[in-house]
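Below is one structure, written out as structure tokens; comments come after it.
The values are calculated or read from the model by the stated rules, or taken from the named source; none is laboratory data. It should be emphasised that the depicted structure is a prediction, and the values quoted were computed from it without experimental measurement. Every residue, glycine as well, gets a Cβ built from its backbone with ideal geometry; the counts of neighbours run over all protein chains shown. Quick note on the areas: whole protein, heavy atoms, side chains included, nothing else; ligands and nucleic acids left out. Shrake-Rupley method; radii C 1.70, N 1.55, O 1.52, S 1.80 Å.
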Amino acid sequence: DTSLLVNISSAIGMRVRLRIVPDPITAPKSVNYEMGTVLGWKTRRRQSQSIDSEQDTSEGVAGIDAQKEPVWRLALDKGGDMDLSCTDLIHGLTCMIKWKTQYKGYIEDDAPFLAYRNSMGRFCGRASDAPTSCSPSSFAKLMLKREQEHYMHLKNRSYENNWGGKSGARNAWMASIKEYGYDQKVIRDGLLTLEDAFFELSGGFKDDLDTQSDTGGTSCPNGRDLLNDENTRFDIELESLGTDIQALWNSRGTRAIFREIVESSTTIHILALCLDLLCRNCTVYLNATKPTATRKSSIEQPVGTRRMNAWQLSQQQTYQSYY
């Protein structure tokens, strides 16, 4: 490993990565990795205790050998500084080069992030399903579950149900996800189909896109062009915010960017984030379009605490019909 340091003429100004054990006695496996920059070096006296001759051994007197050794001053990235010996400096320089260049075979088995547990995003399912929670099959089950949770609510707010109606699109989609759920490409296409279905169930946008295209209006924007443009990339908000929500997406550009991200994604993690975003927008839309008028019952409830049977309830309704 020292061959990596052959071309380094001076350690001043070099970056160092250190492996520090805060409490080696009670917690030897708790390790922190600190990074810093070498500022300079100096010499200091090294005091080493040694037991001398028979007289010193009998009296227990320790002799002190005064020697000089180089010490390197390191400025930590998190603030503060510390002194390093030559051995620690060489080890820190070597680790920094391997970590930065992704040296083949170099791995930090005791890195803190390996033992990190996010209490807000931990796996809350069965323990046996935790190793396969990021697989396409698990994501397929999650997507089927989310579709069932939002379909009934969206169905009640739509005038035309082309998703779960006689066309059989919903049944075909569910059968395809269950049969080919192991294929990531099928899962990605299934998520796009689910977004299209939710968008149609929510009523789409107020102004019809086909009418605008026929009359020479604005066409649907390209998601790739919007992502490449720095202005629109930072201005467009994908998540629906506020209470004045009329559709599943804020604008056509928002939907175009969402579909572009899904189409270009290659990992289940990105697809899971997109599914979560789609479900959050559905929830916001359902809350914003919740009916406010409630139908009052014409039958007055009887006053009293005595429980009534079916015959008494029918007699009560007949009696109230005379008034």
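Structure notes:
- Förster-model FRET efficiency, 35 Å R0, residue 30 and residue 239, C-beta, rounded to 0.05: 0.40
- The stretch 137-151 residues near the modelled residue 290 label - backbone nitrogen below 17 Å, point 7 Å along Cα→Cβ: 150-151
- Residue 155 contributes an accessible area of around 80 Å² to the protein surface, as traced by a 1.4 Å probe with all chains present.
- Cα gyration tensor category, rounded, prolate or oblate, for the stretch 244-284 with a/c compared to 1.5: oblate
- Under Karplus coefficients 6.51, -1.76 and 1.60, residue-wise ³J(HN,Hα) of the stretch 15-21 in Hz, glycine/proline x: 8, 10, 10, 10, 9, 10, 9
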